[in-house]
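J.: Please read through the structure below; I'll follow up with questions.
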Amino acid sequence: MMKLYDYYRSSASYRVRIALHLKNIDFETIPVDLLAGDHKNKDYKAHNPQGLVPLLVEGDNELGQSLAIMEYLDETYPEPLLVSGTALDKAYIRQMALLVACEIHPMNNPKVWKAYVGGKLGADEKQMQDWYHFWILDGLAAYEALLIKYQKAGAFTCGDTPSMADLYLIPQLYNARRFNVDLQAFSKIRAIELNAIKLDAFQKAAPEAQATAPADMPAIHGAKSPLLQPS
């Protein structure tokens with residue numbers, strides 16, 4: 001059985017959990033407690049010298065980085081494909097995924113906004129929050145504009161089935177809601193989010209649905225998400 005080293009609230013791990021559930025792949029979760037520093041342990045770094053999650057293990061093969069893992073899963077477990085359609089569709093899906101992966105996520109990674117901006121540069125809580133909100137809003141504004149420009153969206157970013165782009169978008173929206181970012185300006189993004197979290201695969205992958213999540217953890221994207229409750 002496949003193994004996934006992950007942390008329940010890691011957005012990169014969240015992406016891969018969605019992919020595994022969408023493809024109905026059985027896997028064993030091996031928790032890596034980032035707050036406790038498990039990712040820095042010698043034993044874990046023997047598996048992944050970067051000291052990051054997620055890490056996918058299949059047989060003797062170990063693979064890190066969520067994008068590489070998704071591409072591997074598409075090659076080896078192609079139903080359903082996360083990157084599909086015409087050559088242009090595939091490029092568009094990757095463009096949207098990379099917008100999140102390269103433009104939003106790195107700026108809001110804890111080792112940047114907490115350890116460096118807060119710790120090394122001495123930013124206070126308000127300044128760190130402003131930093132976090134700025135980069136999410138900047139990236140999501142671009143994502144929304146591209147949805148409008150390319151007109152490829154249906155229920156999801158590219159058509160009516162989830163793609164790699166959505167597997168990057170949804171965890172980023174989870175983070176945005178966790179840190180009280182106002183998403184009202186992004187009607188197309190919010191519609192995609194609602195369509196996604198209605199699906200079983202997304203609910204199973206949500207941070208609050210993980211066995212290691214605290215019992216009192218607020219529901220954001222799981223089956224009990226306030227977004228799914230009647231208004």
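Listed here are the residues, each with its yes/no results for (1) out of contact with any Asp or Glu (no Cβ under 7 Å at 6 or more places or on another chain); (2) within 30 Å of LEU147 (Cβ to Cβ); (3) not assigned by TED's automatic domain parsing to the domain that holds ALA141.
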position: LEU22; (1), (2), (3): yes, yes, yes
position: PHE27; (1), (2), (3): yes, no, yes
position: ASP43; (1), (2), (3): yes, no, yes
position: LEU67; (1), (2), (3): yes, yes, yes
position: LEU81; (1), (2), (3): no, yes, yes
position: ALA91; (1), (2), (3): yes, yes, no
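J.: Return the residue satisfying two criteria in turn: it lies in segment 104-125 and is without any contact (Cβ under 8 Å) to a residue 24 or more places away in the chain and aliphatic (A, V, I, L, M), and of such residues it is nearest to LEU169 (Cα to Cα).
T.: Across segment 104-125, the extreme among qualifying residues is VAL112.
J.: Here's another thing I want to ask about it. Within segment 37-64, how many residues turn out to be on the phi > 0 side of the Ramachandran plot and in contact with a helix residue (DSSP H, G or I) (Cβ under 8 Å, 6 or more places away or on another chain)?
T.: 1
J.: Identify, by number, the condition in (1) of a type in the set (Asp, Glu); (2) farther than 26 Å from THR157 by Cα; (3) at pLDDT 95 or above that ASP38 doesn't meet.
T.: All conditions pass for ASP38, except number (3).
J.: Looking at segment 1-18, I want the residues that are more than 14 Å from ALA201 (Cα to Cα) and free of Cβ contacts under 8 Å to residues at least 40 places away in the same chain and have a partner that is outside any loop (DSSP other than H, G, I, E, B) and not hydrophobic (A, V, I, L, M, F, W, C) with Cβ atoms under 8 Å, at least 6 apart or on another chain. Which pairs are those?
T.: Note: pairs meeting the criteria are MET1/GLU28.
J.: Next up: What tally of residues in segment 96-116 results from selecting those that are surrounded by 16 or more Cβ atoms within 10 Å (Cβ to Cβ) and under 17 Å from the mean Cα position of the chain (by Cα)?
T.: So the answer is 9.
J.: Now a separate question. Within the set of pairs 6+ apart or on separate chains, which have a first residue in segment 126-147 that is over 13 Å from PHE186 (Cβ atoms) and without any contact (Cβ under 8 Å) to a residue 12 or more places away in the chain, a second that is surrounded by 15 or more Cβ atoms within 10 Å (Cβ to Cβ) and not small (Gly, Ala, Ser), and C-beta atoms under 8 Å apart?
T.: Correct list of pairs: GLN127/VAL117.
J.: Within segment 147-162, track down each residue that is modelled with pLDDT of 95 or more, in contact with a Lys or Arg (Cβ under 9 Å, 6 or more places away or on another chain) and not β-branched (Val, Ile, Thr).
T.: Passing the criteria: LEU147, CYS158, GLY159.
J.: Looking at the structure I just gave you, is PRO31 surrounded by fewer than 19 Cβ atoms within 10 Å (Cβ to Cβ), in contact with an Asp or Glu (Cβ under 8 Å, 6 or more places away or on another chain) and not aliphatic (A, V, I, L, M)?
T.: yes
J.: Would you check which residues across segment 182-231 are part of a helix (DSSP H, G or I), under 24 Å from ASP130 (Cα atoms) and polar (S, T, N, Q) and list them?
T.: Of everything in segment 182-231, just one residue is part of a helix (DSSP H, G or I), under 24 Å from ASP130 (Cα atoms) and polar (S, T, N, Q), namely SER187.
J.: For residues that are part of a loop (DSSP other than H, G, I, E, B), in contact (Cβ under 8 Å) with a residue 12 or more places away in the chain and within 30 Å of LYS126 (Cβ to Cβ), tally how many sit in segment 155-181.
T.: 2
The values are calculated or read from the model by the stated rules, or taken from the named source; none is laboratory data. All values reported here derive from a predicted model rather than from experimental measurement. FYI the Cβ positions are ideal-geometry reconstructions off the backbone, even for glycines, and counts take in every protein chain you see.
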